[in-house]
Amino acid sequence: AADDPRVLAIKMTLYRTSGDSPIVKALIRAARKGKQVAVVVELKARFDEERNISWASTLEQAGAIVTYGVARLKVHAKAALVIRRGQDGSIRKYLHLSTGNYNERTASVYSDLSIFTTNEDLCREVSALFNMLTGYSAIQPLGHLGVAPFDLKKRLLSLIEREAMRSSPESPGSITAKLNALSDSDIAAALYEAAKAGVRIRLNVRGICTLMPGIPGLSESIEVRSVLGRYLEHARIFKFGSGGSEEIYLSSADWLPRNLERRVELMFPILDERLKKACDAILDQYFADNSHAYRLLPDGSWVPVDRDPGAKRVCAQEELYRRVKRMAQIAEAPAEQLTVRRRFKTKG
């Protein structure tokens, strides 16, 4: 986008940056070429304060519009928006939303998920979000995006309560989530109420979890697991419902008071059915792990997940790494190789 002459503007949030960030260098190059570059830089990102201040100053000198976060709130959302003029003169927007930071170093050791889309509704709402963050417009409700601290927590509670209301013995509700931590008392209370209504709840929580599963009469239908492997689990995936009517969201926010009440965070829906299935498969993979997984007991202790005798060893991180590596190899392969592969596959 920095080098494309048809690109008019780039808008982006930066929470953690590396010392030699190629992303920031590209933004500086874009600004120097006369493109409108608007960057929301979080100066209070722990351990990265000095580096972010330096990059922000360099961006300003290059002509970029730099907003230094939001008063009393850390900007922890991860979003990038590119605005481009097509050959026919029309304006098109390209959007990237992520659970992880724009940092190529942590990207090699953190597991994260992101979407790249031209969906007009999502692009329009993120454009409105940037206007809010940079002070060009007042806070306004958004249709698809949940934004903390404004309405993200309210949306989560509504989704949990809706699942409880829909649940019945014949068709129990379902909530599955993968996140870093859970300690928000309102979210925990809503999950307990949902469990008492018969909702099956599966949680994969990497770190702290103040919700206790398996307590009779309170959380019997709640299962909590954690996967600790080579990569730091960092993606947040929330799934509500089952049987073809489920809603799946990705988010930059954990279910902690600081994320839901004292930071600017994003929760965004997965609208494409193929991507929904991909997220669903990732969730299932983590709950099938029997080599690096731990289970939370009602007394608060963690125990390794036992592998059944004769069962195949399952390591979610290894399997997902192999899958992504294959996808990268296909994406990077020359076009003629892809044509040969397709012919071979067609002929069996």
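The values are calculated or read from the model by the stated rules, or taken from the named source; none is laboratory data. Given the structure is predicted, the values throughout are model-derived calculations rather than measurements. Because the Cβ atoms are built from the backbone with ideal geometry, glycine has one as well, and the counts that use them run over all protein chains shown. Quick note on the areas: whole protein, heavy atoms, side chains included, nothing else; ligands and nucleic acids left out. Shrake-Rupley method; radii C 1.70, N 1.55, O 1.52, S 1.80 Å.
Where the second residue is at pLDDT below 85 and open to solvent by 70 Å² or more (accessible area, probe 1.4 Å) and the first is over 12 Å from Ile28 (Cβ atoms) and assigned to a loop (DSSP other than H, G, I, E, B) and lies in region 43-65, which pairs have Cβ atoms under 8 Å and are six or more apart or on separate chains? Between residues of region 43-65 that are over 12 Å from Ile28 (Cβ atoms) and assigned to a loop (DSSP other than H, G, I, E, B) and residues that are at pLDDT below 85 and open to solvent by 70 Å² or more (accessible area, probe 1.4 Å), the close pairs are Leu43/Glu49; Leu43/Ile53; Leu43/Tyr68. For region 219-240, the criterion of being open to solvent by 40 Å² or more (accessible area, probe 1.4 Å), in contact (Cβ under 8 Å) with a residue 12 or more places away in the chain and over 19 Å from Lys178 (Cβ atoms) is met by at least one residue. Filtering region 85-105 to residues that are out of contact with any Phe, Trp or Tyr (no Cβ under 7 Å at 6 or more places or on another chain), open to solvent by 30 Å² or more (accessible area, probe 1.4 Å) and not in a loop (DSSP other than H, G, I, E, B) leaves Arg85, Ile91, Arg92, Lys93, Tyr94.
The criterion of being touching a strand residue (DSSP E or B) at 6+ places or on another chain (Cβ under 9 Å), open to solvent by less than 30 Å² (accessible area, probe 1.4 Å), charged (D, E, K, R) and modelled with pLDDT of 95 or more does not hold for Arg202. Within region 1-17, if we keep just the residues that are open to solvent by less than 10 Å² (accessible area, probe 1.4 Å) and under 20 Å from the mean Cα position of the chain (by Cα), the residue that is modelled with the highest pLDDT turns out to be Thr13. Inspection of region 265-283 finds a residue satisfying the criterion of being touching a Cys at 6+ places or on another chain (Cβ under 9 Å), crowded, with 18+ Cβ neighbours inside 10 Å and either modelled with pLDDT of 95 or more or part of a strand (DSSP E or B) (or both).
When restricted to residues that are farther than 21 Å from Ser174 by Cα, buried (at least 20 other Cβ atoms within 10 Å of the Cβ) and in contact with a Leu (Cβ under 8 Å, 6 or more places away or on another chain), region 242-264 contains 5.
Kindly establish whether Ile175 is among the β-branched types (Val, Ile, Thr), open to solvent by less than 50 Å² (accessible area, probe 1.4 Å), within 28 Å of Leu73 (Cβ to Cβ) and not in a helix (DSSP H, G or I). In short, yes.
Quick check on Ala331: is it more than 23 Å from Ile201 (Cα to Cα), in a helix (DSSP H, G or I) and not basic (Lys, Arg)? Yes, satisfied.
The lone criterion from (1) in contact with a Cys (Cβ under 9 Å, 6 or more places away or on another chain); (2) touching a residue at least 60 places away in the same chain (Cβ under 8 Å) left unmet by Ile248 is number (2). Somewhere in region 21-29, is a residue touching a residue at least 60 places away in the same chain (Cβ under 8 Å), surrounded by fewer than 16 Cβ atoms within 10 Å (Cβ to Cβ) and not in a loop (DSSP other than H, G, I, E, B)? Yes, that holds for at least one residue. Residues of region 228-260 that are of a type outside the set (Ser, Thr, Tyr) and touching a Lys or Arg at 6+ places or on another chain (Cβ under 7 Å): Glu233, Ala235, Arg236, Ile237, Glu246, Ile248, Leu250, Ala253, Asp254, Leu260. Residues in region 106-134 that are assigned to a helix (DSSP H, G or I) and either touching a helix residue (DSSP H, G or I) at 6+ places or on another chain (Cβ under 8 Å) or among the charged types (D, E, K, R) (or both): 4 in all.
Once region 246-264 is narrowed to residues that are outside any helix (DSSP H, G or I), among the aliphatic types (A, V, I, L, M) and in contact with a helix residue (DSSP H, G or I) (Cβ under 8 Å, 6 or more places away or on another chain), the residue that is modelled with the lowest pLDDT is Val264.
Suppose the filter is aromatic (Phe, Trp, Tyr), open to solvent by 50 Å² or more (accessible area, probe 1.4 Å) and closer than 18 Å to Asp254 by Cα; does Phe150 pass it? Against the criterion (aromatic (Phe, Trp, Tyr), open to solvent by 50 Å² or more (accessible area, probe 1.4 Å) and closer than 18 Å to Asp254 by Cα), Phe150 qualifies. Scanning region 151-172 for residues that are in contact with a strand residue (DSSP E or B) (Cβ under 7 Å, 6 or more places away or on another chain) and touching a residue at least 60 places away in the same chain (Cβ under 8 Å) returns Leu152, Arg155, Leu159, Ile160, Glu163.
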